[in-house]
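See structure below.
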Amino acid sequence: MEPLFGKTLSELSEVADEAGLPAFAANQMADWLYKKPTGSIDDMTNLSKKARETLKENYTIGMAACVNMQESTDGTKKYLFNTKTGKFIETAYIPDKDRHTVCVSTQVGCKMGCLFCMTGKQGFQGNLSAGEILNQLRSIEESEKITNIVYMGMGEPLDNLDAVLKSLEILTADWGFAMSPRRITVSTIGIIPAMKEFLEKSEAHLAVSLHSPYDEERKQLMPIQQVYPLDEVLSEIRSWDFGRQRRVSFEYIMFKDLNDTPMHVRELVKKLDGIRCRINLIRFHPIPDTPLDTSTDSTIREFKENLNNQGIVTTIRASRGEDIYAACGLLSTKELVNKK
Amino acid sequence: MQQQLSKKTLSFTDEIAEGVYLLGFERDFEFKAGQVIGIGMEKEGPRRLYSICSGEREHEIMILYNVVEEGYLTPRLCDLTEGDEIWVTGPRGEFLYDSAPALWIASGTGVAPFYSMLRSGQHENKTLIHGERYLERFYFYNEFSETLGEQYTRCCSAEDDPAVFRGRVTAYLQQVAALPSDFKYYLCGRAEMVVETRDILIARGIPYNQIISEIYF
């Protein structure tokens, strides 16, 4: 059975066409799928009974409930969803006053092999479909409250570009979730061709994992630097107009004595010259057997102030959910270990 | 950054093991062993990156790849024959050799950049550990064996051979007596192998800044 959830309007039109339904049935289906809490095709009551029976022969709604949830004392929640591969993906819900952010996964595992990342240790099992990405938004308790979405969970979003673009289309289209692209941020480690296509085809914000302004250091942290060096990523970004509407930000995990010195501040300022951007400093959540350490709070604060003084808007991302395996990939790895 | 695209005519294509192919086309650009090129079927279509598998001075560029059944490119690529055309980007990448002693660690077709280095004459003080599931998949065995001699170890996870370590590369690295701390360690292959191997090397005392990883994606 094929899932309907995650199909674009043009794909739903094909479904309607194949099932011999009138063209407007595609809009009706989209309405049920993306605007109402629909559990089954039978709920689509403005389709004829015969139409629903025909659809049920080949299709299902295709949403999946979470298999586990942990809640932090700070209100952050981590949801676990099962995947076809028997492994798990994580979705984080992060409330902050009026802001309700959900962090979605795009792949089961990851291929990018970053030194500081727990997800990479699970290997790569596959891409999530657009439906599986969107399911993480629809199948959590806080579904109705979501104000912001970040594609920063498990996996490299731009290594699964087709599904990510499709999910963004459904999220932002009037016939879909009708959400503003300005409330959505897609993160990448800098796969240049895919980043270019994303920038062409979507209006969502871009976040780039930077982590070091120095080539050799970045290579050791992120193998992608071998193929798509930061200078080329930045050169591509410079060719796009990031005005007041669309934002580019840089993620910077702070590692003690590695990338947290005044020299790094100076080099960052030099590298980012001419790019209207902001930097998010992130405390490193240590993962098992890592050779990396977390910068001290005072170092992070000083780093932030130095960057701000040099004219780069810099914030420190508040650490959330530290009591529930905050680092991406930790909870799902623990669940895998339990399963074995 | 705009990668130059050019059309190339295949001079040969060969299935060297089940589902594993080698293709070649005339070289008309300079590259460094360890670099990759993007390959696509059409000018505008999707492209994938592959390590160059031939020497820097050779007349042909060779690419080693295995067919990913659910993939877009390789099921099409393997249907091509001599005289067919593909689209290729210029070389890029910094998975490059230097004169320091190094351990090359590869799984599967991840051996390609090391073969390129070998064919470019950059094998002095280098040791290769290659992991594969089946014995027939130790591509370029004769040349590696002839050139590297004792500095070449095969690890086979699914078949026995007295001359081959039975098990995965990671198992070999865990049981090998000593890992030189002044070597560079080059890793190339699937992400799982690269990440697991890197963890083992770090656990065995190799500083992470001596580990150079190339991932396939």
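From the residues in the stretch A:13-36 that are under 25 Å from the mean Cα position of the chain (by Cα) and free of Cβ contacts under 8 Å to residues at least 40 places away in the same chain, which one is nearest to A:ALA163 (Cα to Cα)?
So the residue we want is A:LEU33.
Take B:TYR65 and decide whether it is closer than 24 Å to B:THR127 by Cβ and aromatic (Phe, Trp, Tyr). No, not satisfied.
Being crowded, with 18+ Cβ neighbours inside 10 Å, over 21 Å from A:ALA64 (Cα atoms) and not basic (Lys, Arg) holds for only one residue in A:ASN148, A:ASN160, and it is A:ASN148. For the stretch B:78-129, enumerate the residues that are under 19 Å from B:GLY19 (Cα atoms) and in contact with a His (Cβ under 7 Å, 6 or more places away or on another chain). Those that are under 19 Å from B:GLY19 (Cα atoms) and in contact with a His (Cβ under 7 Å, 6 or more places away or on another chain): B:ALA106, B:VAL111.
Taking the stretch A:123-139 as the region of interest, how many residues are surrounded by fewer than 22 Cβ atoms within 10 Å (Cβ to Cβ) and touching a residue at least 24 places away in the same chain (Cβ under 8 Å)?
The total comes to 7.
Looking at the stretch A:229-247, can you tell me whether even one residue there is under 16 Å from the mean Cα position of the chain (by Cα) and either under 27 Å from A:TYR34 (Cα atoms) or more than 14 Å from every other protein chain (Cβ to nearest Cβ) (or both)? Yes, the stretch A:229-247 contains at least one residue that is under 16 Å from the mean Cα position of the chain (by Cα) and either under 27 Å from A:TYR34 (Cα atoms) or more than 14 Å from every other protein chain (Cβ to nearest Cβ) (or both). When we screen B:SER11, B:SER54 for residues that are away from chain A (no Cβ under 14 Å) and crowded, with 19+ Cβ neighbours inside 10 Å, the only hit is B:SER54. Taking B:THR81 as meeting all but one of (1) within 19 Å of the chain's Cα centre (by Cα); (2) over 17 Å from B:LEU5 (Cβ atoms); (3) β-branched (Val, Ile, Thr); (4) more than 14 Å from chain A (Cβ to nearest Cβ), write down the number of the exception. The number of the failed condition is (1).
Among residues belonging to the stretch A:120-178 that are within 21 Å of A:LEU206 (Cα to Cα), assigned to a helix (DSSP H, G or I) and out of contact with any strand residue (DSSP E or B) (no Cβ under 9 Å at 6 or more places or on another chain), point out the one that is nearest to the other protein chains (Cβ to nearest Cβ).
A:LEU161
To keep it simple, each residue is scored yes or no on (1) at pLDDT below 95; (2) within 16 Å of the chain's Cα centre (by Cα).
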position: B:GLN151; (1), (2): no, no
position: B:GLU159; (1), (2): no, no
position: B:VAL164; (1), (2): no, no
position: B:THR170; (1), (2): no, no
position: B:ALA178; (1), (2): yes, no
position: B:ARG198; (1), (2): no, no
position: B:ILE206; (1), (2): no, no
position: B:PHE217; (1), (2): yes, yes
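Selection of first residues in the stretch B:62-83 that are of a type in the set (Asp, Glu) and of second residues that are modelled with pLDDT of 95 or more, restricted to Cβ pairs under 8 Å at least 6 apart or on distinct chains, gives the following pairs, ordered by first then second residue: B:GLU69/B:PRO75; B:GLU82/B:LEU10; B:GLU82/B:SER11; B:GLU82/B:PHE12; B:GLU82/B:THR13.
When every residue of the stretch A:184-200 is checked against the conditions, at least one turns out to be in contact (Cβ under 8 Å) with a residue 24 or more places away in the chain, out of contact with any Ser or Thr (no Cβ under 9 Å at 6 or more places or on another chain) and either away from chain B (no Cβ under 14 Å) or assigned to a loop (DSSP other than H, G, I, E, B) (or both).
Of everything listed in (1) within 14 Å of chain A (Cβ to nearest Cβ); (2) hydrophobic (A, V, I, L, M, F, W, C); (3) over 16 Å from the mean Cα position of the chain (by Cα), the single unmet condition for B:ILE37 is (3). Residues that are at the interface with chain A (Cβ under 10 Å from one of its Cβ atoms), out of contact with any helix residue (DSSP H, G or I) (no Cβ under 6 Å at 6 or more places or on another chain) and closer than 17 Å to B:CYS155 by Cβ within the stretch B:165-196 comprise B:ARG190, B:GLU192, B:MET193, B:VAL194, listed in sequence order.
Of the residues that make up the stretch A:59-71, is at least one part of a helix (DSSP H, G or I) and touching a residue at least 40 places away in the same chain (Cβ under 8 Å)? For the stretch A:59-71, residues part of a helix (DSSP H, G or I) and touching a residue at least 40 places away in the same chain (Cβ under 8 Å): absent. Determine whether A:THR290 is crowded, with 16+ Cβ neighbours inside 10 Å, among the β-branched types (Val, Ile, Thr) and in contact with a strand residue (DSSP E or B) (Cβ under 9 Å, 6 or more places away or on another chain). No; evaluated as a whole, the condition is false for this residue.
Within the stretch A:80-119, restricting attention to residues that are of a type in the set (S, T, N, Q) and within 14 Å of chain B (Cβ to nearest Cβ), the residue that is farthest from the chain's Cα centre (by Cα) is A:THR85. The residues on offer are A:PRO223, A:PRO213, and the sole one that is crowded, with 23+ Cβ neighbours inside 10 Å, over 18 Å from the mean Cα position of the chain (by Cα) and more than 14 Å from chain B (Cβ to nearest Cβ) is A:PRO213. For first residues located in the stretch A:75-88 and farther than 13 Å from A:MET154 by Cβ, partners that are part of a loop (DSSP other than H, G, I, E, B) and lie 6+ apart or on another chain with Cβ distances below 6 Å form the pairs A:THR76/A:ARG320; A:THR76/A:GLY321; A:ASN82/A:VAL67.
The values are calculated or read from the model by the stated rules, or taken from the named source; none is laboratory data. A quick note: this is a predicted structure, and the numbers were derived from the prediction, not measured. Counting neighbours? That spans all protein chains shown, and the Cβs are built from the backbone with ideal geometry, glycine included.
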